[in-house]
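Data first, discussion second: the structure below is written as structure tokens.
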Amino acid sequence: MSKTQHYQYDVIIIGSGAAGLSLALQLPEHTRIALICKDTLTEGSTYYAQGGVAAVFDKNDSVEAHKEDTLITGDHLSQPEVVSFVVEQAVSCIEWLQREGVMFTEDTAEKGHLHLTQEAGHSHRRVVHAADATGRAVSTTLAQLVKNRQNIDLFSHHLAIDLIKDKNAPRCIGAYVYNTINNQTHTFAAKAVVLATGGASRVYLYSTNPSVSSGDGIAMAWRAGCRVANLEFNQFHPTCLYHPHAHSLLLTEAIRGEGGVLRLPNGEPFLDKFDSRLELAPRDIVARAIDHEMKRLGCAHVYLDISHKPAAFIRKSFPNLYQRCLELGLDMTRQALPVVPAAHYTCGGVMTDLHGQTDLPGLYAIGEVAHTGLHGANRMASNSLLECLVFARAAARHIIAQPNVQETMTIASWDESQVSVAHENIMISHNWEELRRIMWNYVGIVRSHQRLKQAHDRIAILKQEVHDYYARFYIHPDLIELRNLVTVADLMVRCAMSRKENLGLHYNIDLVDARKGDAGDTILRP
Ligand code: FAD
Ligand code: SIN
């Protein structure tokens with residue numbers, strides 16, 4: 001059915017978010033690069049990032065304080081050397097973005113300085129931003145630069161299916177990639193293959209993420225034999241707009257950073273019952289508090305209220321959200337906004353070292369797909385874009401340092417000889433919906449042994465059905481993504497079942513809290 005083409009490059013980058021774009025731009029211009037993404041070039045979580053990028057610019061702040069806040073927010077599971085590695089490079093990463101043309105919001109009070117906003121977990125104002133649409137500024141600027149580079153071939157609407165390993169040595173040498181426009185599957189060979197495929201939050205029914213976040217990179221790396229870690233720590237962002245016509249619209253944590261208050265339906269603030277840091281307690285605590293109050297009162301949402309601040313300040317600080325809410329009939333300068341938590345960020349992922357290298361030689365993983373050790377049991381706000389930038393640079397340096405051996409790799413074409421046309425696709429849409437509901441209901445903010453066991457058993461059935469279908473019929477994008485989602489869901493549940501104490505984002509009513517600093521990573525081996 002499909003006509004295969006063979007492409008050969010120096011480097012294949014799968015994913016065009018902050019991680020993939022930054023890497024592509026930091027490789028030398030003589031490096032032949034294929035930049036592959038399954039939707040348009042800018043579609044991914046990066047584009048939707050709001051709050052900003054964490055970096056120490058305030059003279060009263062310090063790199064030590066940024067490290068300490070990261071460790072505390074991560075519930076002391078982060079690896080201190082990784083935290084140092086990332087945090088120490090934050091300023092130079094922001095300066096790199098500025099040189100590439102990203103325009104961040106300046107401080108009107110101090111000319112020549114960047115404006116810094118405040119988010120949860122940070123003991124200082126530390127978040128560099130472009131109003132309330134930081135990701136859009138980063139994504140569109142870097143995407144435009146990539147388009148102008150002669151050495152980078154862009155393959156948008158190309159969905160990577162699986163990695164290809166050398167038959168004679170444990171090494172990644174390429175990927176099978178499906179063109180979603182003409183339904184052909186191609187082989188891409190390269191000396192280095194980089195997964196920059198983002199996270200897996202779309203495994204949940206309600207998520208702040210765009211649909212591309214289906215955990216493809218994690219599933220592909222797992223199938224290729226790489227270890228994954230800490231997938232029980234899926235972060236739920238506390239404040240998504242609760243509205244029938246808003247597709248899980250995130251309301252940035254910077255709203256709380258700038259004075260926004262969470263209120264119950266009767267108008268009462270409630271976070272004082274949960275944490276002395278109130279609205280600026282780390283996300284795991286705030287999301288759990290909201291979940292607790294919603295269950296206690298039987299209400300569908302709580303409220304986020306910044307209407308006590310001057311209207312001009314709100315419009316200036318949050319111009320995009322103000323406008324978007326108005327379009328939905330809500331005026332945030334005058335009224336509190338209905339909010340609920342939603343799945344937001346995959347803290348665990350494919351295990352990598354400080355160069356972004358995975359267990360499989362030739363394969364790198366950078367950005368949200370990776371588990372670097374930075375986030376521990378709960379990522380601190382605005383540390384994710386930072387991690388993308390730092391590890392893109394680290395991977396670029398490592399790839400450049402590899403010996404330049406010229407080799408033509410022969411790899412087998414995609415084999416469709418054993419499959420046929422499926423006459424109905426109901427299994428795909430049904431299992432897709434069921435999987436996300438299982439994850440939402442049984443592997444959500446609050447878990448129990450019984451719910452995890454139920455999730456585990458049901459996912460095992462879905463996994464087998466998807467596996468059988470995949471083996472029998474021609475592939476298409478929904479099937480490829482479902483196969484990955486079911487794999488990642490299974491890994492998340494297995495990680496959650498392995499954890500024997502409550503820590504950060506993992507809260508199981510049948511467990512007790514971990515003692516500070518006592519817990520280790522959950523590592524799964526294929
Ligand atoms: P993404 O930006 O998600 O890009 C993934 C790329 O991989 C896409 O190009 C996609 O097409 C491609 N891809 C995936 N699978 C395949 C496949 N099989 N084949 C081909 N291509 C594939 N973090 C912060 O630090 N600060 C913030 O202010 C912030 N705000 C956020 C707001 C929202 C609404 C969301 C959703 C996230 C936010 N985050 C924020 C988190 C942060 O945006 C992400 O963690 C980060 O952008 C991930 O970047 P990435 O490059 O790893 O992946
Ligand atoms: C936000 O703006 O609230 C999201 C920030 C993040 O996820 O780091």
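The values are calculated or read from the model by the stated rules, or taken from the named source; none is laboratory data. Note that the structure is a prediction, hence the values are computed from the model and not measured. All Cβ positions, glycine included, derive from the backbone under ideal geometry; neighbour counts span all protein chains shown.
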Among the residues of the range 187-211, the number that are away from ligand 2 (no atom under 16 Å from the Cβ), part of a loop (DSSP other than H, G, I, E, B) and touching an Asp or Glu at 6+ places or on another chain (Cβ under 7 Å) is 1
Which residue pairs have Cβ atoms closer than 6 Å, lie 6 or more positions apart in sequence or on different chains, and pair a first residue in the range 201-223 that is under 10 Å from T487 (Cβ atoms) with a second residue that is within 16 Å of ligand 2 (Cβ to nearest atom) and part of a strand (DSSP E or B)?
I218/G349
Can you confirm whether A377 is touching a Leu at 6+ places or on another chain (Cβ under 9 Å) and within 10 Å of ligand 1 (Cβ to nearest atom)?
no
Among the residues of the range 325-341, are any hydrophobic (A, V, I, L, M, F, W, C) and within 23 Å of H398 (Cα to Cα)?
no
Quick one: which of E424, E416, E434 is over 25 Å from G15 (Cβ atoms), away from ligand 1 (no atom under 16 Å from the Cβ) and modelled with pLDDT of 95 or more?
E434
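Yes or no, residue by residue, for (1) in a strand (DSSP E or B); (2) surrounded by 13 or more Cβ atoms within 10 Å (Cβ to Cβ); (3) of a type in the set (F, W, Y); (4) free of Cβ contacts under 8 Å to residues at least 40 places away in the same chain:
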site: A422; (1), (2), (3), (4): no, yes, no, no
site: I438; (1), (2), (3), (4): no, yes, no, no
site: G444; (1), (2), (3), (4): no, yes, no, no
site: R458; (1), (2), (3), (4): no, yes, no, yes
site: A471; (1), (2), (3), (4): no, no, no, no
site: I480; (1), (2), (3), (4): no, yes, no, no
site: D490; (1), (2), (3), (4): no, yes, no, yes
site: M497; (1), (2), (3), (4): no, yes, no, no
site: L511; (1), (2), (3), (4): no, yes, no, yes
Given the conditions (1) part of a loop (DSSP other than H, G, I, E, B); (2) more than 16 Å from the chain's Cα centre (by Cα), and given that I255 satisfies all but one, which numbered condition is not satisfied?
(1)
Counting only residues that are part of a helix (DSSP H, G or I), more than 10 Å from ligand 1 (Cβ to nearest atom) and polar (S, T, N, Q), how many does the range 124-165 have?
3
Is there a residue being closer than 30 Å to M351 by Cβ, surrounded by fewer than 24 Cβ atoms within 10 Å (Cβ to Cβ) and of a type in the set (D, E, K, R) anywhere in the range 230-252?
no
How about the range 106-138: which of its residues are of a type in the set (D, E, K, R), more than 16 Å from E253 (Cα to Cα) and touching a Ser or Thr at 6+ places or on another chain (Cβ under 9 Å)?
R136
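Just checking, how many residues over the range 346-373 are assigned to a loop (DSSP other than H, G, I, E, B) and within 11 Å of ligand 1 (Cβ to nearest atom)? Don't jump to the end; show me each part of the working.
Pass one, the range 346-373, residues assigned to a loop (DSSP other than H, G, I, E, B): 347-348, 352-356, 358-362, 366, 372-373.
The next check asks that each one be within 11 Å of ligand 1 (Cβ to nearest atom); those that pass are 347, 366.
Of the residues in that region, 2 qualify.
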List the number of the failed condition for G121; all other conditions in (1) under 23 Å from Q357 (Cβ atoms); (2) not in a strand (DSSP E or B) hold.
(1)
Do the conditions hold for R393, that is, is it part of a loop (DSSP other than H, G, I, E, B) and within 16 Å of ligand 1 (Cβ to nearest atom)?
no
Which of the residues spanning the range 212-239 are within 16 Å of ligand 2 (Cβ to nearest atom) and out of contact with any Cys (no Cβ under 8 Å at 6 or more places or on another chain)?
S213, F236, H237, P238, T239
Looking at the range 76-135 only, could you name the residues that are of a type in the set (D, E) and either in contact with a Phe, Trp or Tyr (Cβ under 7 Å, 6 or more places away or on another chain) or surrounded by 20 or more Cβ atoms within 10 Å (Cβ to Cβ) (or both)?
E119, D132
Can you tell me which residue is farthest from ligand 1 (Cβ to nearest atom) among those in the range 380-389 that are of a type in the set (G, A, S) and either in a loop (DSSP other than H, G, I, E, B) or free of Cβ contacts under 8 Å to residues at least 12 places away in the same chain (or both)?
A381
Options T4, T40; residue that is closer than 28 Å to L159 by Cβ, of a type outside the set (D, E, K, R), modelled with pLDDT of 95 or more and surrounded by fewer than 18 Cβ atoms within 10 Å (Cβ to Cβ)
T40
Considering only residues of the range 46-73 that are assigned to a loop (DSSP other than H, G, I, E, B) and within 16 Å of ligand 1 (Cβ to nearest atom), which is surrounded by the most Cβ atoms within 10 Å (Cβ to Cβ)?
G52
